[in-house]
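Read-outs: derived from the displayed coordinates by stated rules, not from any lab. Bear in mind that the values here come from a model prediction, so they are computed numbers and not experimental data. For neighbour counting, all protein chains shown are included, and Cβ atoms are generated from backbone atoms with ideal geometry for every residue, glycine included.
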Amino acid sequence: MGTRRSASLRCFPSALAASPRKTYLRLPFPFPCMAEERKTLEQRHQMSDLERLRHSAAHVLATAILRIWPEAQFAAGPPVENGFYYDLEMPHRISPDDFLKIEEEMKKEIKANHVFERTAVSRDEAIALANSGRLGGLSERPGNVSKFKIGNLADIPEGEEISLYKNGDFLDLCAGPHVMRTGNIGAFRLTSVASAYYKGDEKNPQLQRIYGTAFKNKTEMEAYFTMLEEAKKRDHRKLGKELELFCFDDDVGPGLPLWLPRGTVLIEELEKLAKETEFAGGYDRVRTPVLARENMYLTSGHLPYYAESMFPPMELREDAKGSEGFIDFTLKRLSFDESEEYLREAYRKAKGTHTSGSYVDMEAEFEEFFRAIPEQQFGDASKIALERLFLDMGIDEAKSKIAPPDRYYLKAMNCPHHHKLFAAVPRSYRDLPLRLAEYGTCYRYEQSGELFGLMRVRSMQMNDAHIYCTEEQFESEFRAVNEMYLKYFAIFGIDKYVMRFSTHDPAKLGQKFVDNSELWLKTEDMVRGVLQRTGINFIEVPNEAAFYGPKIDVQVWSAIGREFTIATNQVDFAVPARFGLTYKDRDNTSKTPLCIHRAPLGTHERFVGFLIEHYAGNFPLWLSPEQVRVLPIGDEEPLVNYAKAIQAELRAAGVRANLDSSSDPIKAKIASAEQMKVHTMLVLGHRDLEAGNVSVRVHGKGNLGAKPRAEVIADLLAAIKERRA
RNA sequence: GCCAGUGUAGCUCAGUGGUAGAGCAGCUGUUUCGUAAACAGCAGGUCGCGGGUUCGAUCCCCGCCACUGGCUCCA
């Protein structure tokens with residue numbers, strides 16, 4: 001059996017949960033930025049000038065730190081999308097207060113304009129230097145071995161040249177490339193400290209990571225920081241509070257957003273858009289509950305491997321302590337036919353010893369145990385190990401504690417429910433394609449450290465649908481889905497996007513991927529063909545497919561150039577079979593449909609978060625939480641009546657129009673409307689009343705002058721109907 | 001979950017080992033005004049929560065919770 005990761009199900013939209021922090025730190029394909037992923041020589045040659053410069057800046061950073069803390073041990077210091085970092089270990093905890101001091105040392109190093117000298121050494125020479133503490137140091141450091149460098153050396157394949165780089169006194173194990181001289185680093189700044197595991201593995205020591213950025217010159221660096229300022233101003237968490245869109249509350253729980261009326265408007269407008277689009281595309285709407293019995297998730301395969309990302313189950317029987325379903329499932333997965341009875345007993349024993357522990361804890365422990373045993377040796381060795389581990393409790397006693405549980409889980413995805421709807425009615429080929437759409441709310445127990453405003457939440461509403469179709473229908477269905485994406489991009493003014501098309505790894509058929517080479521290749525060809533023929537901007541990413549079929553992650557860029565992964569589109573030719581979904585074909589045989597998972601708007605939470613940044617809170621009229629505010633100048637009765645009549649007319653036509661009847665002066669009324677980014681302000685004074693006009697002021701555009709009332713209202717209605725930008 | 005930082009009024013933020021302030025918002029008056037803020041008064045806080053040190057803690061220490069920046073994770 002595979003590792004936990006490869007065995008885990010990548011059901012529906014993996015990307016919905018992707019951290020934007022991480023996604024927008026990703027370098028453009030195909031250059032991987034992760035230090036943990038060793039770059040090939042070829043990739044190193046492709047390093048851009050800026051990346052070289054930043055990589056060199058990392059060496060200068062290390063040099064500076066050693067001047068202050070000579071005992072520091074360095075691990076890896078690569079360039080990343082927005083700068084560079086260097087990981088290090090030392091007793092002193094670096095804080096931003098130390099930055100000034102470090103930057104001063106860095107400046108000296110840059111001013112000295114040292115050459116980056118490259119030397120090739122043998123592995124033995126490199127190891128000797130590491131043992132003397134020289135690698136990642138300014139001089140030899142007896143007793144202070146360059147331990148991380150030794151670890152890095154081990155990752156260099158035999159036959160690859162081992163090179164060192166030296167700038168001034170600082171000597172480092174490094175494959176390069178670098179700029180010519182330290183003086184080529186035109187501008188730099190340290191930006192933050194963080195922690196990171198050595199080689200990205202949580203079993204390794206935790207290191208201090210110093211982040212910085214560097215540029216050719218000061219002007220470019222200033223532009224970068226200006227962009228960051230703009231991003232800060234557009235931060236969806238800040239705007240969400242200021243514009244009264246959503247909030248969080250401790251008593252409700254972390255990661256559970258509460259939607260205020262203004263934010264609810266955004267979500268409902270998105271729903272309206274999706275409903276119209278999907279209705280036109282032949283979708284049927286369905287509704288399913290937010291929870292389901294454990295058994296369904298055993299069928300789908302989400303339990304036990306996904307359990308830790310689901311909210312703990314609700315148990316309807318207090319005495320429920322065992323999990324027959326889990327045992328069945330585990331046995332089925334592992335094919336332990338011979339030792340089935342034995343394992344059952346062992347597991348019951350284990351359960352018995354953990355009566356107070358939670359199901360999830362128990363399960364994790366059990367699984368960890370399984371993983372520890374190499375596949376080939378599972379037979380006898382497993383029996384012995386199980387026996388040792390789960391020895392104490394007698395079988396009878398364990399049995400007596402077991403009662404079949406009735407356990408419910410909050411749904412983490414909608415697909416299993418939809419599969420049940422497919423199965424609810426006998427299906428014929430005439431019913432296909434069947435497109436079931438639901439904006440179902442899903443609950444995922446994201447780790448506390450992952451939560452991030454609306455971008456990573458624990459309750460999320462997905463713009464979800466599953467399309468069940470035949471292979472013959474696949475192309476046109478898939479094409480229609482892609483066209484839907486493009487339509488949405490046009491509406492939201494998203495002019496930069498890329499579809500990351502992930503395919504399977506032929507070497508991992510049967511392990512990471514469903515073992516049906518023919519179907520994979522066929523489906524991938526279909527997907528590739530559609531992408532090519534529709535002229536969609538896509539890149540192909542090998543080996544990253546979902547286990548049950550190829551997938552497409554949709555990445556978009558906001559107006560200020562930050563990248564978000566908002567949606568995933570996946571082809572599933574495996575799970576419908578697990579659910580036994582079939583339709584009767586023309587030839588009276590039962591066949592299993594293909595399933596396309598799609599959610600063009602992703603989760604409404606993340607999409608709204610994206611839109612807040614994209615529009616900087618200045619939503620187009622159709623989306624605007626408050627489309628119109630009527631502002632009478634003064635509160636004399638005839639004027640107020642005129643204002644009320646206009647508001648009523650707009651409301652009757654479905655426009656979100658409010659009236660500011662306070663006694664504030666008109667300047668103050670305008671100021672507060674502008675502050676809330678009300679799209680259109682209708683200013684009414686005596687002159688307007690007498691002429692039957694309204695004076696129009698649009699947020700961000702200022703006063704547009706007086707126009708006849710009927711004309712203004714007609715214009716507003718047209719702009720809303722067309723979803724004008 | 002891990003590392004680090006932060007937590008004072010609805011919001012933005014001052015502040016102190018002797019139980020707290022400002023601006024905006026809110027409320028009540030006055031003001032009746034033509035495109036980003038008229039004036040006055042009032043009210044508003046268990047200083048995140050729980051322990052500890054102290055004669056006394058919002059301040060110092062410990063634990064917890066939440067948020068922020070990263071790491072890990074992400075069907």
Under 5 Å, built H, 5+ apart or other chain: amide partners of A:Met310: A:Tyr445
For A:Cys595, A:Cys415, order by how many other beta-carbon atoms lie within 10 Å, fewest first: A:Cys415, A:Cys595
Residue order, fewest to most beta carbons within 10 Å, for A:Asp553, A:Asp235, A:Asp572: A:Asp235, A:Asp553, A:Asp572
Phi to ³J(HN,Hα) by Karplus 6.51 cos²θ - 1.76 cosθ + 1.60 over region A:172-179, Hz, x for Gly, Pro: 9, 6, 6, 8, x, x, 10, 6
Calculated from backbone phi, Karplus (6.51, -1.76, 1.60) coupling profile of region A:446-459 in Hz, x at Gly/Pro: 5, 4, 4, x, 8, 5, 7, x, 8, 6, 9, 10, 9, 10
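Treat the count of other C-beta atoms within 10 Å as a stand-in for reagent exposure and order A:Phe538, A:Phe188 from fewest to most.
Sorted ascending by nearby Cβ count, the order is A:Phe538, A:Phe188.
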Cα-based shape type of region A:229-290, given that a ≥ b ≥ c are square roots of the gyration tensor eigenvalues and the cut on a/c is 1.5: oblate
Environment charge at A:Lys166 (Cβ cut-off 9 Å; Lys +1, Arg +1, Asp -1, Glu -1): -2
